[in-house]
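The values are calculated or read from the model by the stated rules, or taken from the named source; none is laboratory data. Worth saying up front: this structure is predicted, and the values here are computed from it rather than measured. Positions of Cβ are generated from backbone atoms using ideal geometry, with glycine treated the same way; all protein chains shown enter the neighbour counts. Only protein heavy atoms, including side chains, enter the accessible area calculation; ligands, DNA and RNA are left aside. Shrake-Rupley method; radii C 1.70, N 1.55, O 1.52, S 1.80 Å.
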Amino acid sequence: GLFMYQYVPPDRLILLDGNPAAEKLTGININQWRGKDFNEIWPKAQERGIFDSFLKVMKTGKIYEIEDLSYKDERLEGAFSMRAFPMPGERLGVAFESITQRKRAEQEKEKLETQLRQTYKMESIGTLAGGIAHDFNNILAAVIGYTELALEDTQKETELYENLQEVLLAGSRASDLVKQILTFSRQTDQEQNLIQIKL
């Protein structure tokens, strides 16, 4: 789309014309707004700094380019690529095109990449947890094994025997915890049970 404005120093832009593509993209009727002040047509543009940037183009002769995005309920509603440039006769040309589809595709790609990074992160954590759990399992096997041997050599109903029983119980609990960690890290097969289905 293309709009053309007349620059009226020091700080006015008057709409001169626009093509059908500009009407279609913005939804405004050129005939209805021709001769009107920029800020009357686009009241929100001034508070977003666009109007001042257009004036700067006329005062400096430098081209201004921007991608203007609008959101509704945190979802991209519309996106435009806009380029303002000086024209002969103190006029300002503003060319723009809709880039909504491209921006939505970029956002979707970024969302998928974030999800993929999160998946890799969880897999890495699982692999790390699995490695630690395997090492800890070996240590636990030694603790439980030596505790069982010590129990065989210890007289029952003594304080030492009871203490060794507590060590064995704690080792058993730790072993169950290791199994849970290994299940989480997918380093071991989960227990499978047959279920009878009644029809």
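Compute, for the chain, the length of the dipole vector about the Cα centre, with Cβ point charges of +1 (Lys, Arg) and -1 (Asp, Glu) only. Units Debye, rounded to 20. Provide the component values of the computation, followed by the final result.
Details: 25 positive and 31 negative charges, 354 e Å.
The dipole magnitude comes to about 1700 debye.
Taking a virtual spin label 7 Å from the Cα of residue 170 along the C-beta vector, which residues in the range 124-140 bring their backbone nitrogen under 15 Å of it? Of the residues in the range 124-140, 140 have backbone N under 15 Å from the label point off residue 170.
Multiplying each eigenvalue of the alpha-carbon gyration tensor of the range 1-104 by 5 and taking the square root yields semi-axes of 23, 15, 13 Å, largest first, rounded to whole angstroms. Global dimensions of the range 26-80 from alpha-carbon coordinates: Rg and Dmax equal 13.3, 38 Å.
So how much slack lies between residue 142 and residue 120, counting 0.36 nm per residue of separation and subtracting their Cα-Cα distance, in nm?
Working: separation 22, 0.36 × 22 = 7.92 nm, distance 3.36 nm.
Separation in residues times 0.36 nm, less the Cα-Cα distance, equals 4.6 nm.
State the label only: which of [x] 38.1, 138; [y] 36.0, 109; [z] 22.2, 73 corresponds to Rg and Dmax of the Cα atoms in Å computed from the shown model? After the calculation, the listed value that fits is [y]. Extending 7 Å from the Cα toward the beta-carbon at both residue 90 and residue 108 defines two label points whose distance is 4.8 nm.
Over the range 108-177, consider all pairs of different Cα atoms and compute the Kirkwood hydrodynamic radius from their mean reciprocal separation; express it in Å, one decimal.
14.9
Got the relative contact order for the chain handy, in percent, Cα pairs under 8 Å and 6 or more residues apart?
Working: 225 pairs, mean separation 28.8, N = 199.
Over the chain, the number comes to 14 percent.
Solvent-accessible area per residue in the range 45-115 equals 68 Å², computed with a 1.4 angstrom probe and all protein chains kept. Label-to-label distance for residue 162 and residue 83 is 8.8 nm, based on points extended 7 Å past Cα in the beta-carbon direction.
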